[in-house]
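Trainee: I am attaching a structure below and will ask some questions about it afterwards.
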Amino acid sequence: MPFMDFLKGQFIDVIEWTDDTRDTMVYRFERYGHEIKYGAKLTVREGQVAVFIHEGQLADIFTPGLYMLETNNMPIMTSLQHWDHGFASPFKSEIYFVNTNRFTDLKWGTKNPIMLRDPEFGPTRIRAFGTYTVKVADAGRFMTEIVGTDGEFTTDEVTFQIRNIIVQQFSQVVAGSGIPVLDMAANTGAFGKLVAGRISDTIDQYGLTLPELYIENISLPPAVEEALDRRTSMGVVGDLDRYTRFQTAEAMRAAADAPGGSGMGEGLGMGMGMAMAGQFAQGFGGGQAQPHQPHQAAHAAPPPPPVEHVWHIAENGQTKGPFSRADLGRMAASGELTRQSFVWTQGQDGWKKADEVTELAQLFTVMPPPPPPPA
């Protein structure tokens, strides 16, 4: 019913927008033929700005408040329309309401792993994800650079581009930080602030700002995490010999308590109990000498091999490495490594001179004096 729509538009003189969504960034106020009466009331609520577009040109921007659309408060529109005082005919213009509230809990994450060189693990890959908050800072620039003529612009239409920018900057920050992967969890706050700062210059061109960016998790590949779990389990177990005895005792108790254990279960439990008694007598017998059993030699599990340290060298403001102790020995022999060279390894408290580290001081031993003359 075009006539009824036209008639309804002539009597409506209140322009406002109440947002009942959580993702609408821009909404175009629809009027029949885009006609707005001279003297209409415009209500702009907190968290909004109203942008007037006239014949494709940004005409006026209204901040929160109640406005009577007249000559005295629309100087730009007046010059465009050539209004005289008292001219009350409708004018055609588009009104866009821009939501200036923060849009929170937006997700970002690395679609592909990030390659970096870790001081302890060497080349490795990591993934990361988190949340961020975006806000319209310049409504005019946001309209001209991003929205255009979109009548209902939502966060989904811009967050994809922002996610790409976040991942790009995060990759550069993490890869260039030199922080070991195992220590990154303690630096997620600093990473987030640094990434947000680098992104601000880019998204400012869109009229947006990024008030908050959070890194929820930084993870290693599953195979590396599984290896770390095994390494942690070995540390928890401690003495492998005692742990083996404990496991044997638990197996003995389970066999004795098995259903129908009056026969085989009890016999197995008694046999294991006698074996355990002999082991405990050897391990905790208070120093009693045991008879030699030539055919029952105990096979104790060897301890885990020692972890070889790798070292980094600071030279001319840059870090080189990692190097093994054998590498440093060759460098000391050729003069590349001196007593005054600064070195660092995992677990060391800051950089130290090479001759201050006991393990490396041996590389600089003084050559022996010449042999005595023959008798």
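Throughout, read-outs are computed from the coordinates displayed, never taken from laboratory work. Here the structure is a predicted model, which is why all the values come from computation and not from measurement. Positions of Cβ are generated from backbone atoms using ideal geometry, with glycine treated the same way; all protein chains shown enter the neighbour counts.
Trainee: For the peptides 109-116, 44-51, what is the packing order when you average, over each peptide's residues, the other Cβ atoms within 10 Å and list the highest mean first? Show your work: numbers first, answer last.
Mentor: Details: 109-116: 14.1, 44-51: 18.2.
In decreasing order of mean packing, 109-116, 44-51 become 44-51, 109-116.
Trainee: Shifting gears a bit: Hey, any idea what Rg/Rh is for the stretch 82-218, computing Rh the Kirkwood way over Cα pairs?
Mentor: Working: Rg = 20.3 Å, Rh = 17.2 Å.
Rounded to two decimals, Rg over Rh is 1.18.
Trainee: Between Q168 and E359, how high is the FRET efficiency from 1/(1 + (r/R0)^6) when r is the Cβ-Cβ distance and R₀ = 51 Å? Nearest 0.05. Working shown, then result.
Mentor: On the way: r = 41 Å, r/R0 = 0.81.
With R0 = 51 Å, the Cβ-Cβ based efficiency is 0.80.
Trainee: For the pairs K111/K320; K107/K193; K107/K135; K41/K135; K320/K353, flag any whose C-alpha to C-alpha distance is greater than 20 Å. Walk me through the intermediate numbers first.
Mentor: Details: K111/K320 31 Å; K107/K193 16 Å; K107/K135 15 Å; K41/K135 27 Å; K320/K353 15 Å.
Violating the 20 Å Cα-Cα cut-off are K111/K320; K41/K135.
Trainee: Which order, highest average first, do 320-327, 333-340 follow once you tally other Cβ atoms within 10 Å for each residue and take the mean per peptide?
Mentor: 320-327, 333-340
Trainee: To make sure I understand the rule: partners must be aspartates and glutamates, Cα under 17 Å from the Cα of K352, and not fewer than 8 residues away in the same chain. Which ones qualify?
Mentor: E315, E336
Trainee: Find the percent of Cα-Cα distances in the stretch 188-227 that exceed 14 Å, and round it to a whole number.
Mentor: On the way: 450 of 780 pairs.
For the stretch 188-227, the share of Cα pairs beyond 14 Å comes to 58 percent.
Trainee: Related question: Please state the Cα pair-distance histogram of the stretch 311-364 with 5 angstrom bins from zero: what percent is in each bin?
Mentor: 4, 21, 38, 27, 9, 1
Trainee: What is the stretch 103-224's relative contact order, in percent, from Cα pairs under 8 angstrom and six or more apart in sequence? Could you put the intermediate results ahead of the total?
Mentor: On the way: 172 pairs, mean separation 47.6, N = 122.
Across the stretch 103-224, relative contact order equals 39 percent.
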